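The values are calculated or read from the model by the stated rules, or taken from the named source; none is laboratory data. Keep in mind it's a predicted model, so treat the numbers as computed, not measured. Cβ placement follows ideal geometry from the backbone for every residue including glycine, while neighbour counts extend to all protein chains displayed. Accessible surface is based on the protein model in full, side chains and every heavy atom, while ligands, DNA and RNA are left aside. Shrake-Rupley method; radii C 1.70, N 1.55, O 1.52, S 1.80 Å.
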Amino acid sequence: MAALQVAVSILNADLSAIADTVQQIAAAGADSIQIDVMDGHFVSNLALGPQVCRAVADHTTLPVEAHLMVERPAQFIQAFAAAGATTVIGHIEVLDDPAAFAAAVRRLGKRPGFAINPETLASRLIPHLGLADLVVVMGIHPGAGGQTFMPETLTTLRQLRAARQGQLPALQLDGGVNQDTVIPIRDAGADAVIGGSFVFRHSRGIAAAVAALKLT
Ligand code: DX5
């Protein structure tokens, strides 16, 4: 079984030392960095604009994934593409035209992704799977890190895994990932996980946390 890809979410990172944090994430063997963008409407929190994305991208060669937890994701494709994002992810719950979103991202040479919340049925996303390079299955309600993993979201993960044709889109589980939950998440078919608070709160540091999630 292939090792899990690990993306690190910087929502809970020390943003006062972002260059050093990003370099530590890369040195730890993470596969990508995720920027959690929040508009205070789609989720109640407000977080991480294009400037933070640019600050991250300027200090790493890792792929940078912009996770747009915003009501109008298409409005922000250009800004995050210009700020160095390699992947731009919109929530299927607010994408009236997933094909148009994906096409707009690809026109800028970036990878389109769709994210899906715990209460959204997989059937909402399955018809559009072929449009995306990445699908983010939320393991928690979006808006904050440090929440408890919701095991019922593994049903969505399994359904998406069963529905996809071939290896794309990559299936990434986001939220509540730690050394214990990563096992059932992998077994349910995830190609990747996102480490957030587990990575930055780990007693032995970022590298040990990333290694614990890779399951090599
Ligand atoms: C929440 C974000 C997640 C979160 C993960 O809306 O999308 O990436 O930061 O944090 P943990 O891993 O702490 O649940």
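In region 66-89, how many are within 13 Å of the ligand (Cβ to nearest atom) and either in contact with a Phe, Trp or Tyr (Cβ under 6 Å, 6 or more places away or on another chain) or over 16 Å from Asn45 (Cβ atoms) (or both)?
Total meeting the criteria: 5.
Which number in (1) open to solvent by 30 Å² or more (accessible area, probe 1.4 Å); (2) under 18 Å from Ala7 (Cα atoms) marks the one condition that Glu65 misses?
It fails just one condition, (1).
Quick grid of which residues meet (1) of a type outside the set (Gly, Ala, Ser); (2) within 14 Å of the ligand (Cβ to nearest atom); (3) in contact with a helix residue (DSSP H, G or I) (Cβ under 9 Å, 6 or more places away or on another chain):
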position: Ala19; (1), (2), (3): no, no, yes
position: Ile25; (1), (2), (3): yes, yes, yes
position: Met38; (1), (2), (3): yes, yes, yes
position: Pro63; (1), (2), (3): yes, no, no
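When you scan region 103-149, how many residues do you find that are away from the ligand (no atom under 14 Å from the Cβ) and not charged (D, E, K, R)?
18
Which is at pLDDT below 95 and open to solvent by 30 Å² or more (accessible area, probe 1.4 Å), of Ala13, Ala17? Give the derivation first.
Values: Ala13 fails: open to solvent by 30 Å² or more (accessible area, probe 1.4 Å).
Checking each option against the conditions leaves just Ala17.
Here are some residues: Phe80, Phe76. Which one is free of Cβ contacts under 8 Å to residues at least 40 places away in the same chain, surrounded by 14 or more Cβ atoms within 10 Å (Cβ to Cβ) and aromatic (Phe, Trp, Tyr)? So that I can check it myself, show each step before the final result.
On the way: Phe80 fails: free of Cβ contacts under 8 Å to residues at least 40 places away in the same chain.
Matching residue, one of Phe80, Phe76: Phe76.
Determine the pairs where a residue that is under 16 Å from Arg186 (Cβ atoms), located within region 147-162, has a partner that is in a helix (DSSP H, G or I) with Cβ atoms under 6 Å apart, the partner being 6 or more residues away or on another chain.
So the pair list comes out as Thr156/Ala122; Leu160/Ala122.
If I ask for residues that are buried (at least 21 other Cβ atoms within 10 Å of the Cβ), closer than 16 Å to Leu168 by Cβ and of a type outside the set (A, V, I, L, M, F, W, C), which ones from region 112-140 would you list?
Pro112, Gly113, listed by residue number.
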